[in-house]
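Since the structure comes first, as structure tokens, the remarks are kept for the end.
The values are calculated or read from the model by the stated rules, or taken from the named source; none is laboratory data. Computed from a predicted structure; not experimentally measured. Note: ideal-geometry Cβ built from the backbone for every residue, glycine included; neighbour counts use all protein chains shown. Heads up: the accessible areas ignore ligands, DNA and RNA and are worked out on the full protein's heavy atoms, side chains in. Shrake-Rupley method; radii C 1.70, N 1.55, O 1.52, S 1.80 Å.
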Amino acid sequence: LREQALNELGSISDERSLENWRVTFLARRGRLADIISRIPSLPVEERPAIGKMANALKAELQQLYESKLSDIRRSAISQVDVTLPGIPPMVGGLHITRQTIYEMVRIFGEMGFSVYEGNEVETDEYNFSLLNIPQEHPARDMWDTIYIDDKLLLATHTSPGQIHVMRKYCPQPIRFVLPGKVHRYEAVSARRESMFYQLEGLAIGEGITLATLKGTFENFARQLFGPNRKLRFRGSYFPFTEPSVEIDITCSCLGKGCILCKGSGWLEIAGGGMVHPVVLRNGGYDPSKVSGFAFGFGVERSVMPRFGIDDIRLFYGNDLRFLRQFS
Ligand code: PHE
């Protein structure tokens, strides 16, 4: 039996024939098991010797079987062409808005600004009252607000974060940027979304002036937009800054038909100004000792001229053809 088993094993080179061999010789109903089952019918004095031989043969065949199996498997692997190109896994990427926020935070970080994240759901008090916009004040109409109930609303701007950071750090001097998602009750168009991102900036300390704001903002804009764009600071009005400005940047368009700047050549990208004394006081600072500047920057508004995007709805429309261009 041993000889026959070894002979047959020698000519086997695939897993299926090896399995047949195992069934023939080694399995529970195989030839070897058959021999072992007949041992009890042998004369008593022969049983120990035959039993011993049978067990030894079983161990030998079992071992040969195992090493043959691993030989077959190893040679099967060596036939795989490992130089074939693989199938690349799908990888996600950061949304262009997120990438831009990281870039802005990095630039301001180099100027000593830290990051603070405000709330997407705010109270009426933080979103308006503490920012010097009392109930019934007509300036509330500047922000078309989505209310949750009479006290809670979706933040219409990142400015409420100003009060949160001020109250946390007063009376220390501070420099913060506050990225955040904001909502407006707005008819959506190519220029307006009801949800978008802002980056708020806030610096408070001794001797801060409008010139500090201008210098800081120009340095930032040069890094984000490159050296070839011009900035323009226009006098404006916000209840929480005095004086207030709006900041425009030259549009990348060729003029007339441009949807971004309506052909004017200028794009409004931020509002800002000197923090109003009432707001400083609401944040816990003494306006006779310190002053501060603040600005609020539209993130998508700033991405659009950089890449020539002419419809803000593309940002959150989830069209992969748009999104993949930035990953
Ligand atoms: N919060 C203002 C807006 O959303 C922008 C702004 C921020 C203006 C800070 C002045 C100071 O329009």
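On average, how much accessible surface per residue is there in the chain, in Å², for a 1.4 Å probe, leaving out ligands, DNA and RNA?
57 Å²
Separation between the SER78 and TRP266 pseudo-spin-labels, each 7 Å from Cα along Cα→Cβ, expressed in nm?
Going from the SER78 label point to the TRP266 one covers 7.7 nm.
Quick one: net charge around THR100, please, counting Lys, Arg +1 and Asp, Glu -1 for every other residue with C-beta under 12 Å from its C-beta.
+2
Between segment 234-296 and segment 1-79, how far is it from one alpha carbon centroid to the other, in angstrom?
Each part's Cα centre sits 88 Å from the other's.
Just to be sure I understand the curve: with the Debye formula and one point per C-alpha of the chain, what is log10 I(q)/I(0) at q = 0.10 Å⁻¹?
Taking Cα atoms of the chain as identical point scatterers yields -0.65.
For the pair ASP34 and GLN62, how long in nm is the line joining their label points, each one 7 Å along Cα→Cβ?
Here the answer is 2.1 nm between the modelled labels.
Where the accessible area of segment 101-218 is counted over protein heavy atoms with a 1.4 Å probe, how much of it, in %, is carbon and sulfur?
50 percent
Where in the chain are the helices, taken as whole DSSP H runs, whose Cα atoms extend 30 angstrom or more along the long axis and whose Kyte-Doolittle mean reaches at least -0.5?
Answer set is 47-78.
Taking only Cα atoms and a 10 Å spring cutoff, compute GNM fluctuations for the chain and point out the largest among THR83, THR123, THR158.
Comparing THR83, THR123, THR158 in a Gaussian network model of the chain, the most mobile one is THR83.
Ordered by packing density, taken as the mean number of other Cβ atoms within 10 Å over each peptide's residues, highest first, how do 226-236, 106-116 rank?
Final packing ranking: 106-116, 226-236.
Ranked highest first by average number of other Cβ atoms within 10 Å, how do 268-276, 299-307, 169-177 line up?
Top to bottom by mean Cβ count within 10 Å: 268-276, 299-307, 169-177.
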